[in-house]
Amino acid sequence: YNKEIDILSATDWFQKGNNAIENKEYDKAISFLLRAIDLEPDCAVCYFSLGLAYYGEAKYSKAIPIFVKAIELDIDKRRVNFIMGDAYYRLNNYAKAIQFYEKAIELGPEFFASTKGYIWLGFSYYMEGDYSKAIPIFVKAIELDIEKPRAYALLGLIYGEQGKPELKLLNHKK
């Protein structure tokens with residue numbers, strides 16, 4: 001029997017969980033964060049970190065409802081929406097990814113730009129076959145100097161698929 005378990009607060013378990021996440025010990029993090037939530041069920045940051053732990057284990061379907069709970073408890077919605085978009089992207093649900101990426105832009109365009117989110121939003125549109133929406137997103141990424149080579153390459157790919165080889169060549173040269 002370990003008396004330490006009895007005296008740790010939700011904050012202590014939360015910190016242990018975050019330390020485990022930093023060390024990529026996601027199983028431990030999940031266990032610690034669930035203890036924090038048991039002690040403080042309305043802890044938005046606890047749910048957010050728990051979602052990150054599931055995300056770190058590539059359990060995106062488990063992470064998403066946890067992130068939703070964090071949003072309900074009023075966590076930083078910009079970051080959660082971006083991560084949820086990424087989780088849906090990794091589940092190949094591009095329509096949902098687009099929905100959450102766009103919400104992240106709406107809530108904080110400067111934050112979204114700093115995450116390279118424009119590339120992932122554009123690629124989600126590309127995967128949905130919506131080139132007319134993907135192109136301006138990649139152009140925006142180029143304007144913001146976000147992964148220019150990748151944005152140019154993806155634009156070239158779209159132009160090539162549209163039968164515009166002169167634009168494809170132009171973009172691959174940049």
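The values are calculated or read from the model by the stated rules, or taken from the named source; none is laboratory data. Worth saying up front: this structure is predicted, and the values here are computed from it rather than measured. Neighbour counts are summed over all protein chains in view; Cβ atoms, including those assigned to glycine, are modelled from backbone coordinates with ideal geometry. These accessible areas exclude ligands, DNA and RNA; they are computed on the full protein's heavy atoms, side chains included. Shrake-Rupley method; radii C 1.70, N 1.55, O 1.52, S 1.80 Å.
Just checking, which of Ala20, Ala58, Ala63 is over 25 Å from Lys133 (Cα atoms), of a type in the set (Gly, Ala, Ser) and outside any helix (DSSP H, G or I)?
None of the others qualify; the one that does is Ala58.
Take segment 110-129 and flag every residue that is part of a helix (DSSP H, G or I) and open to solvent by 50 Å² or more (accessible area, probe 1.4 Å).
Of the residues in segment 110-129, the ones part of a helix (DSSP H, G or I) are 110-114, 117-127.
Within segment 110-129, Glu110, Ser114, Trp120, Met127 meet the criteria.
If I filter segment 130-138 for residues that are within 17 Å of Gly51 (Cβ to Cβ), of a type in the set (Gly, Ala, Ser), in a helix (DSSP H, G or I) and in contact (Cβ under 8 Å) with a residue 24 or more places away in the chain, do I get at least one hit?
Here is the first cut: in segment 130-138, the residues within 17 Å of Gly51 (Cβ to Cβ) are none.
The answer is no, given that none of the residues of segment 130-138 is within 17 Å of Gly51 (Cβ to Cβ), of a type in the set (Gly, Ala, Ser), in a helix (DSSP H, G or I) and in contact (Cβ under 8 Å) with a residue 24 or more places away in the chain.
Please go through (1) open to solvent by 20 Å² or more (accessible area, probe 1.4 Å); (2) under 12 Å from the mean Cα position of the chain (by Cα); (3) among the hydrophobic types (A, V, I, L, M, F, W, C) for Leu107 and return the number of the only condition it doesn't satisfy.
It is condition (2) that Leu107 fails.
Looking at the structure I just gave you, is Ala95 on the phi < 0 side of the Ramachandran plot and open to solvent by 20 Å² or more (accessible area, probe 1.4 Å)? Explain how you work it out, then say what you get.
On the way: on the phi < 0 side of the Ramachandran plot: yes; open to solvent by 20 Å² or more (accessible area, probe 1.4 Å): yes.
It is true that Ala95 is on the phi < 0 side of the Ramachandran plot and open to solvent by 20 Å² or more (accessible area, probe 1.4 Å).
Can you name the residue in segment 41-53 that is touching a residue at least 24 places away in the same chain (Cβ under 8 Å) and over 12 Å from Gly17 (Cβ atoms) and is also least open to solvent (accessible area, probe 1.4 Å) among such residues?
Ala44
Considering only segment 68-91, state which residues are among the hydrophobic types (A, V, I, L, M, F, W, C), under 22 Å from Tyr125 (Cβ atoms) and in a helix (DSSP H, G or I). Spell out the reasoning first.
The first filter runs over segment 68-91 and keeps only residues among the hydrophobic types (A, V, I, L, M, F, W, C), leaving 68, 70-71, 73, 75, 80, 82-84, 87, 91.
Subset that is under 22 Å from Tyr125 (Cβ atoms): 80, 82-84, 87, 91.
Across segment 68-91, the qualifying residues are Val80, Phe82, Ile83, Met84, Ala87.
Rundown of residues vs (1) buried (at least 19 other Cβ atoms within 10 Å of the Cβ); (2) in contact with a Cys (Cβ under 9 Å, 6 or more places away or on another chain); (3) within 26 Å of Tyr118 (Cα to Cα), yes/no style:
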site: Ile7; (1), (2), (3): no, no, no
site: Asn19; (1), (2), (3): no, no, no
site: Asn23; (1), (2), (3): no, no, no
site: Ile30; (1), (2), (3): yes, no, no
site: Ala36; (1), (2), (3): yes, yes, no
site: Lys59; (1), (2), (3): no, no, yes
site: Ile64; (1), (2), (3): yes, no, yes
site: Val80; (1), (2), (3): yes, no, yes
site: Ile83; (1), (2), (3): yes, no, yes
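Hey, among Ser31, Ser114, which residue is at pLDDT 95 or above, under 21 Å from Ile21 (Cβ atoms) and polar (S, T, N, Q)? Steps first, answer last, please.
Values: Ser114 fails: at pLDDT 95 or above.
None of the other options fit; the residue is Ser31.
Taking the stated definitions as given, is Glu102 of a type in the set (Asp, Glu) and more than 30 Å from Met127 (Cα to Cα)?
Working: of a type in the set (Asp, Glu): yes; more than 30 Å from Met127 (Cα to Cα): no.
Here the answer is no, as Glu102 does not meet what is asked.
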